[in-house]
1. Residues that are out of contact with any helix residue (DSSP H, G or I) (no Cβ under 9 Å at 6 or more places or on another chain), surrounded by 17 or more Cβ atoms within 10 Å (Cβ to Cβ) and of a type in the set (Gly, Ala, Ser): list the strands (runs of 3 or more DSSP E) wholly contained in segment 59-145 that include at least 1 such residues.
2. Inside segment 40-58, can you point out the residues that are charged (D, E, K, R), part of a strand (DSSP E or B) and surrounded by fewer than 17 Cβ atoms within 10 Å (Cβ to Cβ)?
3. Based on this model, can you work out whether ARG99 counts as at pLDDT 95 or above and among the basic types (Lys, Arg)?
4. Being touching a Leu at 6+ places or on another chain (Cβ under 9 Å), of a type in the set (D, E, K, R) and closer than 19 Å to ILE36 by Cβ: is that true of GLU131 here?
Amino acid sequence: MRRGEIMKMGLRATAGLSAIVLLLGLSGCEDSEDAIGRFEWSELPTAPVDEYSSADVFATAVAFIGEFNTPTGCYRVTPAYEQSGASGTLRIRAGLTDRDDCGQEVTSYRYQGLLQGLGGVTELRVRHEIEGEETNEFVHDLTTG
């Protein structure tokens with residue numbers, strides 16, 4: 001990938017994160033179980049994509065967005081969050097469904113959302129956990145602007 005393409009991807013992710021914050025809104029979060037304030041995912045019209053994850057701090061929330069590929073279109077995407085001290089882990093899980101009408105070609109997904117009430121988290125690990133496939137992890141420093 002060329003430098004211009006990397007910069008374009010970074011600008012696209014930053015613009016996407018800003019849009020997420022505006023669309024989803026920032027609301028307070030008291031309970032750590034409610035850390036995932038919003039989460040949306042969709043199947044993309046073209047595949048494969050360059051897998052990525054991006055996260056940025058906005059006020060009291062962390063907006064995140066990413067894309068990944070699966071071997072077929074037979075997956076459901078769900079998030080899970082856990083925190084240990086200053087480190088948080090967001091697991092984006094793609095689990096197989098029992099659908100039989102999803103084809104056998106590579107499929108790409110995009111997810112986006114907000115984490116709220118993370119108090120003191122300075123590092124966010126985003127793990128793409130695709131059932132039956134290798135897990136990929138992206139580490140985000142939340143202390144840099």
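1. Once the strands (runs of 3 or more DSSP E) in segment 59-145 are filtered for at least 1 residues that are out of contact with any helix residue (DSSP H, G or I) (no Cβ under 9 Å at 6 or more places or on another chain), surrounded by 17 or more Cβ atoms within 10 Å (Cβ to Cβ) and of a type in the set (Gly, Ala, Ser), what remains is 87-96, 107-116.
2. Matches in segment 40-58: GLU40, GLU43.
3. no
4. Answer is no for this residue.
The rows are residues; the columns are (1) over 14 Å from the mean Cα position of the chain (by Cα); (2) at pLDDT 95 or above; (3) among the hydrophobic types (A, V, I, L, M, F, W, C).
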{"position": "PHE64", "(1), (2), (3)": "no, yes, yes"}
{"position": "PHE68", "(1), (2), (3)": "no, yes, yes"}
{"position": "GLY95", "(1), (2), (3)": "yes, yes, no"}
{"position": "GLY120", "(1), (2), (3)": "yes, no, no"}
{"position": "ARG125", "(1), (2), (3)": "no, yes, no"}
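Condition check ((1) touching a His at 6+ places or on another chain (Cβ under 9 Å); (2) among the hydrophobic types (A, V, I, L, M, F, W, C); (3) farther than 14 Å from ASP56 by Cβ) across all residues:
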{"residue": "ARG91", "(1), (2), (3)": "yes, no, yes"}
{"residue": "ALA94", "(1), (2), (3)": "yes, yes, yes"}
{"residue": "LEU124", "(1), (2), (3)": "yes, yes, no"}
{"residue": "ASP141", "(1), (2), (3)": "no, no, no"}
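The values are calculated or read from the model by the stated rules, or taken from the named source; none is laboratory data. Every value quoted in this text rests on a predicted model; they were computed, and no experiment measured them. Ideal geometry is used to build each Cβ from the backbone, glycine not excepted, and the neighbour counts take in all protein chains shown.
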